[in-house]
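Below: the structure, in C-alpha cells.
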Amino acid sequence: MTATLEPAAVTSRPPEPDALRASLVLHDVSMVYPNGKRALVDVDLVVPRGDFVFLVGPSGAGKTTLIKLLIRDVVATTGAVLLAGQDLARLPRRQVPLIRRRIGIVFQDFKLLPTKTVRENVAFALEVTGTPRQHAAPVVERVLALVGLSGQAEQRPAQLSGGEQQRTAIARAMVHDPEIIIADEPTGNLDPLISWEILQLLLRINELGTTVLMATHNAEVVTALRRRVVALEEGRVVRDEVGGYHREY
Amino acid sequence: MLTFAAFSVRRALQGLWRNRVMSLAATVTMVLMLLLLAGLLIVLSGLQAGLSFVEQKVDVQAYLYDGVPQDRVQALIAQVEALPEVSAVTYTTKAQALADWQATLRARGQQDFTAVTGTNPIPASINVKLREPGVYGTVVDVLQADTAVVQRVDETQQVVDALITITNVLRTIGLIMLVMVGLTVLFIVVNTIRMAVMARADEIEIMRLVGASDAFIRWPFIFEGLFVGLIGAAVTLLLLGLAAGPISQFTSAIVAQVPVGFDQQLGVQLVGLVVGAGALMGGIGAWISVRSYLIR
C-alpha cells in the first residue's frame, strides 16, 4: 500500500519529506479537554512505516487520548496529527471513514459481535464499508489464515478462548490491509502465555510490512522484545528509545 | 450501490424483527393515522361530490300536492317564468319522477320497493333554473304563495350552504385529529428507531472504527422507519379495500341521489396519499432519531 498525499490534505506548512513517508507524525500536539484537563502536552512523535512501537506509561498518562487522536475520535487542541500523510485535523468529516480504513484497531476487550461467527465478525468490517461479498470472501479467508483461525471460522466469540477472540479482532483489523495497526492493551485481558501468542502475531504482521503501535502495561513483554518504547507521563513524552518498560540507567 | 441497498434493507428488516413489539406498536399507530387520513379524504371528497352535484342541479325545486288540476299548475309555471331572475322552468310529472327515482335505484343496485307497494309516493315538481346561481329574487316567495299547489320548496342554496358548513367543520376537526395522531405516530416512530439504534450501539461503534461511512450507519435505520410507514400503508390499504364495499353503500345511503363512490381517481389519490404519508412519517421519524443519536 502506498501513502498518497491528497491535495486537500496539503497544509500551509508542508511537512518534511520524512513525515510524508512516515505512518504517523505528531507535531507539537496538545490536547485539552473541555473540562480543562490537559491530556497531552507538546507531544512530538514520528513513527516510520514498518516500525514497531510500544506506547507505555501509567494510567492517565495520555495513552488513550493519543489513540483517540489517531483514530480521529477527538481532534487535537493544537498541533498536527498526520496519519499516512493526511492531516487529521483538516480532514473533511466525510473523509474520516476513509482514513479509518487505513488504521486497524485492536482493543483490550476485543469488541466482537457476540451474535456473529468469527468469519462474520471479520467480514463485517468489509461489509459495512461497501465491499461486495464476492470480493470480501477471499480477503476474509486470507486474514483468518494469517491469524490461524481458519478452523474456528464458524464459531461464535463465546465459544472461543480469550486469545482466539483477540486473534479474531486482529483479523478484523487486518481486512482493509491497513497502513498501521493500533493496539490498545491487546494483552490486558489475557494470561501470559496467550499474551506472547498475540505478540508473536503482531510481530509477524509487522514483519509483513504493517506499522504497529501497541499501548501496553505489560513490562515483561516490552522489556523482552527490546523494541522502540515511547513512554508518556502526565501527557508528555518522557522517553523515546529502544529498550525496556522502565528506564535503564 | 447495490451492496449498500441490500445491506441497508437487510439490516432494517433484521432491526424490525429484533425489536418487534415496538415495531408492531409503531405500525399499528401508523395504520390508525393513515385510516384517519384516508377516512377524512373519503368523507371530504364525498361531500365535495355532493356539493358539485347539488350546485349543477336545478336551483329551486317546488314539490306539488297530488291531484292538483293541470291548469293551476300551468298558471303557476307561467307566473314563475315571467319573473326576471328565471331562465327556465320545467315540470316533472309524478310518473316521470317515479321513473327517475327507479332509474337511480337500479343504477345503485338497490331494491325497488315502489314496485312492491304499487303506489307512487313521489310528488310532481316544478323545477326552476335561475339566470344567475344564488340570485333568487321573489321566485321562492311566488312558489310558496300558492299553498294550494305547492307542498314544499327546496332551495339548493340551503343545501349548498349546509354542505359547505359540514365540509368545513369536518375538515377542521379532521385536520386537528390528524395532527394529534400524526404527532403521536412521529413520537412512537422516533422512539422505535431510537431503541433500534441503541440495540445496535456496539455494532455502530465497531462500524465507526472500521471506517463505515455515515450512510452505512444511518440509512439502515431510515429504511427501518420507511418500512414501518410502508407496512402501515399496506395494512391500511388492505383494510380500506375490505371496507370499500360497505362504506360505498353506507355513504350513498346517507347522501341519497348523489353519485358518491370509489371511483378510480379517488382510489389513485388514496393509494398515493396513504403510501406517501406513511413513508414520509416513517422516514422523518427515523431521520430525527438517527440525527439526534449519531450526532458525532
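The values are calculated or read from the model by the stated rules, or taken from the named source; none is laboratory data. What you see is a predicted model, and the numbers here were worked out from it, not measured in a lab. Here Cβ is always computed from backbone atoms with ideal geometry, including for glycine, and neighbour counts include all displayed protein chains.
Residue A:39 fails exactly one of the following numbered conditions: (1) surrounded by fewer than 21 Cβ atoms within 10 Å (Cβ to Cβ); (2) among the small types (Gly, Ala, Ser); (3) over 18 Å from the mean Cα position of the chain (by Cα); (4) under 30 Å from residue A:241 (Cβ atoms). What is the number of that condition?
(1)
Looking at the range A:139-164, which of its residues are within 17 Å of residue A:181 (Cα to Cα) and touching a residue at least 40 places away in the same chain (Cβ under 8 Å)?
A:146, A:147
Restricting attention to the range A:112-130, which residues are within 9 Å of another protein chain (Cβ to nearest Cβ), out of contact with any Ser or Thr (no Cβ under 7 Å at 6 or more places or on another chain) and without any contact (Cβ under 8 Å) to a residue 12 or more places away in the chain?
Listed by number, the residues that qualify are A:127, A:128.
Run down A:204, A:172 and say which single residue is part of a helix (DSSP H, G or I), modelled with pLDDT of 90 or more and out of contact with any strand residue (DSSP E or B) (no Cβ under 9 Å at 6 or more places or on another chain).
A:204
Checking residue B:226 against (1) away from chain A (no Cβ under 14 Å); (2) surrounded by 19 or more Cβ atoms within 10 Å (Cβ to Cβ); (3) not in a helix (DSSP H, G or I), only one condition comes out false. Which one?
That leaves (3) as the condition not met.
From the list B:54, B:9, pick out the single residue that is in a helix (DSSP H, G or I) and over 29 Å from residue A:126 (Cα atoms).
Residue meeting the stated conditions: B:54.
It is to be established whether one or more residues within the range B:201-211 are more than 10 Å from every other protein chain (Cβ to nearest Cβ), of a type outside the set (Val, Ile, Thr) and part of a helix (DSSP H, G or I).
Among the residues of the range B:201-211, at least one is more than 10 Å from every other protein chain (Cβ to nearest Cβ), of a type outside the set (Val, Ile, Thr) and part of a helix (DSSP H, G or I), which makes the answer yes.
Among the residues of the range A:131-164, count how many are within 14 Å of another protein chain (Cβ to nearest Cβ) and surrounded by 18 or more Cβ atoms within 10 Å (Cβ to Cβ).
Summing the residues that are within 14 Å of another protein chain (Cβ to nearest Cβ) and surrounded by 18 or more Cβ atoms within 10 Å (Cβ to Cβ) in the range A:131-164 gives 6.
Could you please let me know if residue A:181 is of a type in the set (Val, Ile, Thr), out of contact with any Lys or Arg (no Cβ under 6 Å at 6 or more places or on another chain), buried (at least 19 other Cβ atoms within 10 Å of the Cβ) and within 11 Å of chain B (Cβ to nearest Cβ)?
So residue A:181 fails the test.
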